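A short write-up of the structure that comes next.
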Amino acid sequence: MADRPLRRGKLAVHSPSRIDKQITSFIVIGFAAIGAEIENPFGYDKNDLNLDFFCHQIINQELAAITARPFPPPEEWVFSSDNQTLGIQGVGADRVVLEGMTTLRMGLKGLGSGGQVVGWSRTNSGVA
């Protein structure tokens with residue numbers, strides 16, 4: 001059957017031929033195959049990305065960056081009043097130790113419920 005124009009008013013509309021349909025089908029199936037490859041790019045096929053190599057390189061670089069300089073002693077940063085223990089500025093680990101476990105648990109319970117930290121302030125129990 002020949003590709004004949006169909007007349008509709010002043011415009012001539014061509015019906016798609018069998019080759020047009022085959023080309024369109026080939027393109028759609030190709031897009032589906034490409035989508036399947038893009039969906040899971042990590043694996044062990046020949047054209048997959050080597051996730052093991054990427055992770056190994058990232059881990060090596062991060063460990064090198066972390067261990068490149070000496071760590072400060074914990075006394076300098078754990079017991080600092082610049083910490084924001086329980087979300088309150090100026091409450092360091094020394095304050096947590098002085099206040100005790102009961103007050104710490106109440107404060108953590110307040111954080112977990114999305115409310116205010118209970119039992120803590122900058123001058124709680126006379127500790128500055």
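What to note about this one:
- Considering only Asn60, Ser25, Leu49, and ranking their Cα positions along the charge dipole of the range 17-66 that arises from unit charges at the beta-carbon of Lys, Arg, Asp and Glu, the one farthest toward the positive end is Ser25.
- Shape descriptor for the range 17-66: Rg over Rh equals 1.38 (Cα atoms; Rh from the Kirkwood inverse mean 1/r).
- 15 Å beta-carbon shell around Pro41, net charge (K/R +1, D/E -1): -4
Coordinate-derived values only; no laboratory data. Just so you know, these numbers come straight off a predicted model, no measurement behind them. No Cβ is skipped: glycine too gets one built from the backbone with ideal geometry, and neighbour counts run over all protein chains shown.
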